[in-house]
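The values are calculated or read from the model by the stated rules, or taken from the named source; none is laboratory data. The shown structure was predicted, so the numbers you read here are calculated from the model rather than taken from an experiment. A quick note on method: Cβ atoms are made from the backbone with ideal geometry, for glycine too, and the neighbour counts reach across all protein chains shown.
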Amino acid sequence: MTAVTHDLAHDAIRAVDWSNGAVKLLDQRVLPQREEYLILEEAPALANAIRMMAVRGAPAIGIAAAYGVVLAARLAYRRAKNDWRSAIEVDIERLRAARPTAVNLHWALQRMQEKFVEVKNDPEPILLAEAKRIHDEDITANKRMGALGAELIHGKTDVLTHCNTGSLATGGFGTALGVIRSAYARGVIQSIYACETRPWLQGARLTAWELMRDKIPVTVIADSAAAHLMQQRCVRWVIVGADRIARNGDLANKIGTYSLALSARAHDLKFMTVAPTSSLDMSAATGADIPIEDRPSGELLELEGHRLAAEGALAWNPVFDVTPARLIDFLVTEKGVVPAPDAAKLAALMQDAHS
Ligand code: MRU
């Protein structure tokens, strides 16, 4: 059976890379129509690429920002050998402000800044090694989560996913899509449904592109078809990623995730979120402490520059929402699986992670 023999090594897509002294980004705004790369040599251009969604997805943003610190430090060191640390602060703040919800961005910048104390002369070698480590660790975490999450799925099921959580959203392989890749390879997934994910269409454009490249069949649905799908087909799992998880287990993810979790509970389906511990924000007590990004109204009111909505209509465009912990059946991290996550379980997970 093709599903069982499917090879996980298929995953060859890299959204972010370090290439010839520059950051190479696969421009996700023009996929799947065009495969174009941006080569960025300065941190402000990289911050802009994050803000404009050329690179997106919580872990991928963090990795890109880590490489951005290397770019910033290189330039600052060329300009001011003794003062490069303070000279790059503006660039670091620009990277940090590029997108507010994904905590991986803050986490990666913090990790890069912690390396500054080790630098004696030229910062580039030490910082580049750290950025590459962050990147490699993310891929390793994804493969581990893929295996852990797939073990939870038994029998044959259809699954529903939201947004894009694959190689394009991470260092490689993916979080929720990594679990789906692994579970498909084990033959326990019958059909994969992907919400189109309005308004950026990460599901229809990016998830479908990744799965098609891997020769894994996928069916795209309108976001509003999700509850009907759960009622009509044999979907037993909803599997999504997370941009930030508060210490009580509430999670912020792509707008629409909360509706999916509510519908999943109403239909007695299992809801799994898959995220590395770099997405945990132990300083956020609950989901109410997570900043939710509002993006420009044009993203809703227009399509490729052409007005869709009636002239004069306004738009509200929050691009993430918060799913309360009580709706989450499993949180899969690289440190282990947490069933029905809550504050005590997450504290124990992070304690073990640090010991
Ligand atoms: O706005 P985006 O495309 O950056 O949103 C991405 C998501 O919501 C993903 O689900 C999330 O980052 C987890 S992906 C590993």
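When G203, G241 are checked against the criterion of being modelled with pLDDT of 95 or more and touching an Asp or Glu at 6+ places or on another chain (Cβ under 8 Å), a single residue qualifies: G203. Out of all the residues in the range 134-147, is one or more outside any helix (DSSP H, G or I), hydroxyl-bearing (S, T, Y) and within 16 Å of the ligand (Cβ to nearest atom)? The answer is no; no qualifying residue exists.
Filter the range 234-259 down to the residues that are touching a Ser or Thr at 6+ places or on another chain (Cβ under 8 Å), more than 11 Å from L160 (Cα to Cα), within 11 Å of the ligand (Cβ to nearest atom) and of a type in the set (A, V, I, L, M) and list them by number. Listed by number, the residues that qualify are A242, I245, L251, A252.
Out of curiosity, is M272 surrounded by fewer than 20 Cβ atoms within 10 Å (Cβ to Cβ) and touching a helix residue (DSSP H, G or I) at 6+ places or on another chain (Cβ under 8 Å)? So M272 fails the test.
Considering the conditions (1) of a type in the set (A, V, I, L, M); (2) closer than 20 Å to G172 by Cα; (3) more than 17 Å from the chain's Cα centre (by Cα), A73 is excluded by exactly one of them, (2). Just to be sure, is G305 at pLDDT below 95 and either buried (at least 18 other Cβ atoms within 10 Å of the Cβ) or on the phi > 0 side of the Ramachandran plot (or both)? So G305 passes the test. Take the residues in the range 260-276 that are of a type outside the set (A, V, I, L, M, F, W, C) and more than 13 Å from the ligand (Cβ to nearest atom); name whichever of them is nearest to M145 (Cα to Cα). The qualifying residue nearest to M145 (Cα to Cα) is K270. Which residues, counting only those in the range 209-263, are among the polar types (S, T, N, Q), crowded, with 24+ Cβ neighbours inside 10 Å and in a helix (DSSP H, G or I)? Answer for the range 209-263, where residues must be among the polar types (S, T, N, Q), crowded, with 24+ Cβ neighbours inside 10 Å and in a helix (DSSP H, G or I): just T257. The single residue among G155, G187, G174 that is over 17 Å from A261 (Cα atoms), more than 15 Å from the ligand (Cβ to nearest atom) and at pLDDT 95 or above turns out to be G187. Exactly one residue among A315, A344 is of a type in the set (A, V, I, L, M) and part of a loop (DSSP other than H, G, I, E, B), and that residue is A315.
Please work out which residue is surrounded by the most Cβ atoms within 10 Å (Cβ to Cβ), limiting yourself to the range 190-208 and to residues that are within 15 Å of the ligand (Cβ to nearest atom) and among the polar types (S, T, N, Q). Selected residue: T207.
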